[in-house]
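Worksheet: the structure to be examined is printed underneath.
The values are calculated or read from the model by the stated rules, or taken from the named source; none is laboratory data. For clarity, every value in this text was computed on a predicted model and none was experimentally measured. Neighbour counts are summed over all protein chains in view; Cβ atoms, including those assigned to glycine, are modelled from backbone coordinates with ideal geometry. To get the accessible areas, we keep the full protein, side chains included, count just its heavy atoms, and leave off ligands, DNA and RNA. Shrake-Rupley method; radii C 1.70, N 1.55, O 1.52, S 1.80 Å.
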Amino acid sequence: MSLLDTPILSAAIDWLAHGLWQASWWQIVLFTLVMTHITIASVTIYLHRHSAHRALDLHPVVAHFFRFWLWLTTGMVTKEWTAIHRKHHAKCEQPEDPHSPHVHGIRTVLLQGAELYRAESKNAETLARFGHGTPDDWIERNLYSRYSWQGVGLMMIVDLALFGAAGLAVWAVQMAWIPVTAAGIINGAAHYWGYRNFEAPDASTNIFPWGIIIGGEELHNNHHTYPTSAKLSVKPFEFDIGWLYIRILQSLGLATVKKIPPRVAYGVARPVADERTLEALIAHRYEVMAAYARRMRAVVRAELPTLRQQALDASVLQAVKRWLHRDVDKVPADVRSKIEQARAANPVLDQMVSMREELRQLWLSTNRTREQLASDLQAWCRRAENSGIAALREFSQQLRAVQARQP
């Protein structure tokens, strides 16, 4: 009997070809997608919302499952990930930001985001300053942190055993999933491309309204606006699958949600804006300014025919539509002159921009008392309602009806 005919070799060849599960190609693909999705859920629910931002508390059994799963599928250490992410929020878009595309370049973050993460994980100062409150029990010290790479090694053995040679491809996808989706797409694209619901003080964007593939992290502008919220969707058309999982865990008594985005409530408009109006404005400033931006875009659409009659360059009209409703410091330098041209040519747009900035200063001012700020808000509302601009008058009336923060 030749060597090729031996039962052991035949069994080895069969195992390499099919693995222990004898799975078909579509079963292998489905298994890989399920495994990577559990990893994404572990990152967004445990590392991000629970550990980094304390937006929810998890039952110890659930939290430990996520820790174990991440050890198997990523080798990431809770303290390192938490510290790096907290530093990202504290230093967002600044030179100290560990992975800002506006600091390191979009190409670098997209293609080398995992390398940026590994480099920052060696920074002892980052871990000491931002890594507080993370697991420090026996198993963390003696297994998960001490032997972080052995978990992914064990995962490779499991994949090979189940699927034979194809298990290497399964394992490779598992290992690439977080570096590509989280370290690359979220840290890169979600600070570079997409839409913005709110004028958060950074460049964060929502790259897609349905957060499914990356666990809801696609809604990154919402997250940077309300970083301590366990829920990342805020608009009716948005969907955060991570929030769905959290609600399921909550219904089973395995999670406790601590905070979600505040809801703006409107009552009867007060005769004049007072300190309660000021308090509500500051508490709901992102939603209020988003409402102002919607009215401003409507005014732009109404004024475009007038601008065209003044023979302004087409690039000026595009700049007005794209940037006029944004904070001045968010407008690119090469666009600002075009915005100024439009403002000089149209008093209505000029007043809309000026009053938007004045309103924003009510929560940015640090040298005025509460009473002075309330007086400034009263004066702002009077000028808005006497401006002759319907959008300003209606916005001011709506602003006087805003109620204090709702849970």
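Does any residue of the stretch 186-193 turn out to be surrounded by 21 or more Cβ atoms within 10 Å (Cβ to Cβ), small (G, A, S) and without any contact (Cβ under 8 Å) to a residue 60 or more places away in the chain? Yes: one or more hits. Looking only at residues that are closer than 20 Å to D240 by Cα and among the hydroxyl-bearing types (S, T, Y) in the stretch 28-79, which one is nearest to the chain's Cα centre (by Cα)? Among residues in the stretch 28-79 that are closer than 20 Å to D240 by Cα and among the hydroxyl-bearing types (S, T, Y), the one nearest to the chain's Cα centre (by Cα) is T44.
Restricting attention to the stretch 283-314, the residues that are surrounded by fewer than 18 Cβ atoms within 10 Å (Cβ to Cβ), in contact (Cβ under 8 Å) with a residue 40 or more places away in the chain and among the aliphatic types (A, V, I, L, M) add up to 2.
Would you confirm, using the coordinates I've provided, whether L278 is within 22 Å of R196 (Cα to Cα) and either part of a helix (DSSP H, G or I) or hydrophobic (A, V, I, L, M, F, W, C) (or both)? Before the answer, list the steps.
Values: within 22 Å of R196 (Cα to Cα): no; either part of a helix (DSSP H, G or I) or hydrophobic (A, V, I, L, M, F, W, C) (or both): yes.
Judged against the criteria, L278 is not a match.
Just one of the numbered conditions (1) under 30 Å from V152 (Cβ atoms); (2) in contact with a Leu (Cβ under 9 Å, 6 or more places away or on another chain) is not true of I186: (2). Scanning the stretch 119-156 for residues that are in contact with a helix residue (DSSP H, G or I) (Cβ under 9 Å, 6 or more places away or on another chain), part of a helix (DSSP H, G or I) and not aliphatic (A, V, I, L, M) yields E120, S121, T126, R129, F130, E140, Y144, S148, Q150, G151. Among the residues of the stretch 167-178, the ones that are under 19 Å from S24 (Cα atoms) and open to solvent by 40 Å² or more (accessible area, probe 1.4 Å) come to 5 in all. Listed by position, the helices (runs of 4 or more DSSP H) contained in the stretch 336-407 that have at least 1 residues being under 27 Å from D313 (Cα atoms) and at pLDDT 90 or above are 347-364, 390-399. For the subset of the stretch 144-166 comprising residues that are in contact (Cβ under 8 Å) with a residue 40 or more places away in the chain and closer than 14 Å to K79 by Cβ, which member is least open to solvent (accessible area, probe 1.4 Å)? That would be Y144.
Set side by side, the residues L349, L359 differ, and just one is over 17 Å from R196 (Cβ atoms), surrounded by 13 or more Cβ atoms within 10 Å (Cβ to Cβ) and in contact with an Asp or Glu (Cβ under 8 Å, 6 or more places away or on another chain), which is L349. Counting just the residues of the stretch 253-271 that are over 19 Å from A290 (Cα atoms) and touching a helix residue (DSSP H, G or I) at 6+ places or on another chain (Cβ under 9 Å), which one comes out most open to solvent (accessible area, probe 1.4 Å)? Taking the candidates together, the pick is T256.
What do you reckon, is V43 part of a helix (DSSP H, G or I), of a type in the set (A, V, I, L, M) and closer than 20 Å to L154 by Cβ?
Values: part of a helix (DSSP H, G or I): yes; of a type in the set (A, V, I, L, M): yes; closer than 20 Å to L154 by Cβ: yes.
For V43, the condition - part of a helix (DSSP H, G or I), of a type in the set (A, V, I, L, M) and closer than 20 Å to L154 by Cβ - is met.
Pick out the one residue from A63, A90, A52, A114 that is surrounded by 22 or more Cβ atoms within 10 Å (Cβ to Cβ), within 23 Å of G216 (Cα to Cα) and not aromatic (F, W, Y).
Numbers: A63 fails: surrounded by 22 or more Cβ atoms within 10 Å (Cβ to Cβ); A90 fails: surrounded by 22 or more Cβ atoms within 10 Å (Cβ to Cβ); A114 fails: surrounded by 22 or more Cβ atoms within 10 Å (Cβ to Cβ).
Only one candidate passes the filter, namely A52.
Scanning the stretch 171-198 for residues that are part of a loop (DSSP other than H, G, I, E, B) and not small (G, A, S) yields a count of 6.
Determine, yes or no, whether K235 is more than 26 Å from L116 (Cα to Cα) and open to solvent by 60 Å² or more (accessible area, probe 1.4 Å).
Working: more than 26 Å from L116 (Cα to Cα): yes; open to solvent by 60 Å² or more (accessible area, probe 1.4 Å): no.
No, not satisfied.
For the stretch 340-359, the tally of residues that are in contact with a Phe, Trp or Tyr (Cβ under 8 Å, 6 or more places away or on another chain) and more than 19 Å from R294 (Cβ to Cβ) stands at 0.
Picking from residues in the stretch 237-266 that are within 18 Å of F208 (Cβ to Cβ) and in a loop (DSSP other than H, G, I, E, B), the one that is nearest to the chain's Cα centre (by Cα) is E238.
Results for (1) at pLDDT below 95; (2) under 24 Å from M76 (Cβ atoms); (3) not aromatic (F, W, Y), shown as yes or no for each residue.
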position: T181; (1), (2), (3): yes, yes, yes
position: I185; (1), (2), (3): yes, yes, yes
position: P236; (1), (2), (3): yes, no, yes
position: L244; (1), (2), (3): no, yes, yes
position: Y266; (1), (2), (3): yes, no, no
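Could you list, in sequence order, all residues of the stretch 315-335 that are open to solvent by less than 70 Å² (accessible area, probe 1.4 Å), part of a helix (DSSP H, G or I) and more than 24 Å from V234 (Cα to Cα)? Those that are open to solvent by less than 70 Å² (accessible area, probe 1.4 Å), part of a helix (DSSP H, G or I) and more than 24 Å from V234 (Cα to Cα): S315, V316, L317, A319, V320, V335. Count of the stretch 68-123 residues, restricted to those that are over 26 Å from R146 (Cβ atoms), of a type in the set (S, T, N, Q) and touching a residue at least 40 places away in the same chain (Cβ under 8 Å), is 1.
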